Structures are given as structure tokens and as C-alpha cells.
Amino acid sequence: MAQSRLEKIGTIFSRTTGLLKSGAMKFEDRPIWYDVYAAFPPALEPRYDRPAPNINLRSIYYQEDIIRAKYQKVNRPEVLNLLDHSKKTQTQEFIEIYNNLKSEGALDEEKIMEVGKSMLEDRLKTRREEAIVRSEERRASEEVRSENTVKQSPPPKRQLDVADILSDK
């Protein structure tokens, strides 16, 4: 075993280097970050016993995050397909509605939330109804198509005789 597995002894870089040198890890199997770390090592070695720097961190909040948090606090989270980028999520649609209402400037924050939720519910209800209509139309067209196709009977089977097959004709 190359060096120690204990995270307090050495850094992940030094342990990975030890695995590579000892042959426990093939050079081709090294982690993606290894070459980057080797080319651009940090100024201070990342060790467990190094005290954390005392610096002020800026909060990175966008206005959209606050709206999203308010919306999701009240509404149940939706199921998402992360591979489908063609559809907007309900939260994204709500944020659009919210921003449109806010840009008009006629309502306060609470009213915008209420009106935005009701507008989103109306959109979702309309979308569901359209999907039902489309599926009924598709089902009806499939039924018409199946009625129009005439079932063809299979071709008649030929009567074969073993003598005919074996003859030299």
C-alpha cells in the first residue's frame, strides 16, 4: 500500500502521487484534476490542520433566487426531467410571470405572488386540457386508421409431398 489512507497524513495530491509511483494506480487511470493540480499548484497546501482564513465572503443571491424560494416554500416541488431542456419548469414560468407583473408596477409583493400563482395554475390547467384533447384526437385517428386497413388473409399454403421434393424433375 502506498503511504497512508488517513486524510490527516498528506494531501490527496500527495497520496495520489504515491499511488502512481508505487504502481497501485496506472498513470492512465489518474484523476482528471491531477494534471491541473500539478501544473497549477495552490499557493498554500490544502491540509486539514491549516486554520481557515478569516475573510468576508459575499453573499451571492440573485433576485430570482428569492422569488424561487418564496414560490417553492408554498408549492410542492415538481418532478423534473433534467435531460429535457425544451420545456421550462413551473418555477421558471412563475419567475417569468412574476417579473412581468413586477415590471408593470401596479401590485405589491404579496399580490404579485398571489396573481402569479393563479396565472401559472391557469397556464398549467390549459396545458393539461390541450394534452387531453391531443391524446383523444390521436386515439381517434388511430381507431379510424385501424378500421380503414383491411386485414389481409395469409396466402394459401401449398400442399407439398415428400416424393415431389425428392424427385429430380
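The values are calculated or read from the model by the stated rules, or taken from the named source; none is laboratory data. Keep in mind that what you see is a predicted model, and the values were worked out from it rather than measured. Note that we place each Cβ from the backbone using ideal geometry, even for glycine, and neighbour counts take in every protein chain shown.
Some observations on this one:
- Residue in the stretch 113-128 that is outside the structural domain of Ala43 (by TED's automatic domain parsing) and part of a loop (DSSP other than H, G, I, E, B) present: no
- Odd one out for Val36, checked against (1) surrounded by 11 or more Cβ atoms within 10 Å (Cβ to Cβ); (2) within 33 Å of the chain's Cα centre (by Cα); (3) not in a loop (DSSP other than H, G, I, E, B): (1)
- When we screen Leu160, Leu107 for residues that are outside any helix (DSSP H, G or I), at pLDDT below 85 and surrounded by 10 or more Cβ atoms within 10 Å (Cβ to Cβ), the only hit is Leu107.
- Criterion applied to Leu57, Leu80 was being surrounded by 11 or more Cβ atoms within 10 Å (Cβ to Cβ), among the aliphatic types (A, V, I, L, M) and outside any helix (DSSP H, G or I), and the one residue passing it is Leu80.
- Among the residues examined, Lys21 qualifies as farther than 30 Å from Glu109 by Cβ, surrounded by 10 or more Cβ atoms within 10 Å (Cβ to Cβ) and not hydroxyl-bearing (Ser, Thr, Tyr).
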